[in-house]
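Taking it in order: structure first as structure tokens, then the write-up.
The values are calculated or read from the model by the stated rules, or taken from the named source; none is laboratory data. If you're wondering where the values come from, they're calculated on a predicted model, not measured in any experiment. Cβ atoms come from the backbone with ideal geometry, glycine included; neighbour counts cover every protein chain shown. SASA here: full protein model, heavy atoms, side chains in, ligands and nucleic acids out. Shrake-Rupley method; radii C 1.70, N 1.55, O 1.52, S 1.80 Å.
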Amino acid sequence: MKIALIGYGKMGKMIEQIALDRGHEIVSIIDIDNQQDFDSPEFASADVAIEFTAPQAAYGNYLKAWSKGVKVVSGSTGWMKEHGDEVRKACSEDGKTLFWASNFSIGVAIFSAVNRYLAKIMNQFPQYDVEMEETHHVHKLDHPSGTAITLAEEIVENIDRKEAWKEDTTDKKYLRVDHIRRGEVPGIHTIRYDSDADLITITHDAHSRKGFALGAVLAAEYTKEHQGLLTISDMFKF
């Protein structure tokens, strides 16, 4: 498969190595200093572009890739509130393809399935209050993380006593989501159900970005053969 990379930071370099190890070809690498390469024949030859950039750049990158007929896999977060409707329309009505995930880790996909199942159980036990905390490296610009938002939305969907999620709240009708930024932490997500009797905790602690990078390449392989707005739940049937 021919892959283009949009964004060539630590994540992009790791994706490149895993893609090469899996027998794929990197035909174009686009970063801040060579945006003109979106117009190159090499970029247009890609089956899929894998995009990991900043929140303010992501949507524009999708449009540039789609204009060249290239499908996109993206792990960029922070753009959904402003451009979510346009992306959904492009994929449902205009024939574009985006595989988007807040987190491509296989472990996080499993953790998410456990989170949904546990929330359904805990809906029956109102004596437990639930809260979440996420920790990431100091370079991460958005908060809470896209993964935390996804997990929080799954909890709210399954627990009737929570209306929505919020940061920095003491109102029990909201799921409280806290964020910490320190060091080079790849990502830790912890969900706690606390009662007077006991505490139930589930945590996903990423050791490195390698799991995210492998998941992104697996998503690219899946995207090559599929169309529309795709998610982790399409690729992994838990």
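In summary, residue 88 fulfils each of the numbered conditions (1) within 19 Å of the chain's Cα centre (by Cα); (2) open to solvent by less than 40 Å² (accessible area, probe 1.4 Å); (3) at pLDDT 95 or above with the single exception of condition (2).
Taken together, 70, 138 contain a single residue that is surrounded by 17 or more Cβ atoms within 10 Å (Cβ to Cβ) and either closer than 29 Å to residue 16 by Cα or not polar (S, T, N, Q) (or both), which is 70. Against the conditions (1) open to solvent by 10 Å² or more (accessible area, probe 1.4 Å); (2) in contact (Cβ under 8 Å) with a residue 24 or more places away in the chain; (3) within 30 Å of residue 166 (Cα to Cα), residue 98 satisfies every one except (1).
Looking only at residues in segment 45-75 that are of a type in the set (A, V, I, L, M, F, W, C) and in a loop (DSSP other than H, G, I, E, B), the one that is nearest to residue 226 (Cα to Cα) is 70. A single entry from 156, 217 fulfils the requirement of being under 23 Å from residue 53 (Cα atoms) and not polar (S, T, N, Q): 217.
Screening 67, 45 for residues that are in contact with a helix residue (DSSP H, G or I) (Cβ under 9 Å, 6 or more places away or on another chain) and more than 27 Å from residue 108 (Cα to Cα) leaves exactly one candidate, 67.
A residue that is surrounded by 15 or more Cβ atoms within 10 Å (Cβ to Cβ), more than 19 Å from the chain's Cα centre (by Cα), hydroxyl-bearing (Ser, Thr, Tyr) and part of a strand (DSSP E or B) occurs somewhere in segment 16-29. Limited to segment 165-214, what total is found for residues that are open to solvent by 80 Å² or more (accessible area, probe 1.4 Å), within 23 Å of residue 138 (Cβ to Cβ) and in contact (Cβ under 8 Å) with a residue 40 or more places away in the chain? Residues in segment 165-214 being open to solvent by 80 Å² or more (accessible area, probe 1.4 Å), within 23 Å of residue 138 (Cβ to Cβ) and in contact (Cβ under 8 Å) with a residue 40 or more places away in the chain: 3 in total.
So which of 146, 95 ends up being over 20 Å from the mean Cα position of the chain (by Cα) and not acidic (Asp, Glu)?
On the way: 146 fails: over 20 Å from the mean Cα position of the chain (by Cα).
Checking each option against the conditions leaves just 95.
If only residues of segment 1-15 that are within 22 Å of the chain's Cα centre (by Cα) and in a loop (DSSP other than H, G, I, E, B) are counted, the one that is modelled with the lowest pLDDT is 9. Scanning segment 112-124 for residues that are touching a residue at least 12 places away in the same chain (Cβ under 8 Å) and either open to solvent by less than 40 Å² (accessible area, probe 1.4 Å) or not aliphatic (A, V, I, L, M) (or both) yields 112, 113, 115, 116, 118, 119, 120, 122, 123. Taken together, 114, 138 contain a single residue that is closer than 30 Å to residue 172 by Cα and assigned to a loop (DSSP other than H, G, I, E, B), which is 138. Note on segment 36-52: residues that are modelled with pLDDT of 95 or more, open to solvent by 10 Å² or more (accessible area, probe 1.4 Å) and not small (Gly, Ala, Ser) amount to 6.
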